[in-house]
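Read the structure below first, then the notes.
The values are calculated or read from the model by the stated rules, or taken from the named source; none is laboratory data. If you're wondering where the values come from, they're calculated on a predicted model, not measured in any experiment. Ideal geometry is used to build each Cβ from the backbone, glycine not excepted, and the neighbour counts take in all protein chains shown.
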Amino acid sequence: MIELPRNGQGRIVKKSGAGRKSRKASSVPLSTPFSLNMPGWTQDPIEELWITRYPRNYGMVSILVLRKGVAGFSMASYLVDSWGVGLKAAKIHAGIGRGAWTRLITEETLAVSLEPIELADAQAYVYGGVAWAKQWGFVTPPDAIRGLAFLPEPSEPVDLSRFGQEGKPLLIMNSKGIGRYFPGFGVKELTARGIHCMMMDMSGDPPQLKEIEGM
């Protein structure tokens, strides 16, 4: 396991000030995404699991999974909207060196909170995100569905209590995003189903949530 600098509360400490490399200089090339049909990669042991939380994207988390194989490392990242639509995206890469992975974890994340996560919790977020979307009729992108093959499926039904707000989805997106996950529906139809729709007002500091006017 990578040892990361932590503060007195056990949180990951991000580098800051003049000693920190610019984002351009420290960017991590993650290689070309590989086919999920490649033989043997699902048998590679899981080396590390991490979760990042994004403070200004309410309910948004990323799950990072690293597998170690004979030819090197492969990784998957899953973007989960736990308040809204569930699993939003999955990206998988092969040919990652240990140094690139370390830089990704220590320098490239935009999350304030970054911490290890147990396999069961990672499965609950990722597979729970799919189950949550299905329950409310959201459209999970095909690439995200294909990416599930990288993470073992849980042996027990997933508890969905970590999703939504008061048991119902809270969508934080514009009308274009609503059209992507709910083809043919508008705010009025979603509100009638008990789904609350809001958008981020970026004019203030910090940004504030505001109601989307009915469409």
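Filtering region 126-137 down to residues that are aromatic (Phe, Trp, Tyr) and surrounded by fewer than 23 Cβ atoms within 10 Å (Cβ to Cβ), which residue is nearest to Val65 (Cα to Cα)? Write out each step before concluding.
We begin by selecting, within region 126-137, every residue aromatic (Phe, Trp, Tyr); these are 127, 132, 136.
Within this subset, residues satisfying the condition of being surrounded by fewer than 23 Cβ atoms within 10 Å (Cβ to Cβ) are 127, 136.
Values: Tyr127: 14, Trp136: 27 Å.
Looking at the filtered set, the residue picked out is Tyr127.
Considering only helices (runs of 4 or more DSSP H) fully contained in region 84-190, which possess at least 1 residues that are of a type in the set (Gly, Ala, Ser) and either out of contact with any Lys or Arg (no Cβ under 9 Å at 6 or more places or on another chain) or at positive phi (or both)?
Counting at least 1 such residues, we get 98-103, 119-136, 175-181.
Within region 44-99, can you find the residues that are within 13 Å of the chain's Cα centre (by Cα) and among the basic types (Lys, Arg)?
Within region 44-99, Arg53, Lys88, Lys91 qualify.
Looking for whichever is outside the structural domain of Gly86 (by TED's automatic domain parsing), modelled with pLDDT of 75 or more and over 21 Å from Thr52 (Cα atoms) here; the options are Ile178, Ile172, Ile195. Which one fits?
From the options Ile178, Ile172, Ile195, the qualifying one is Ile195.
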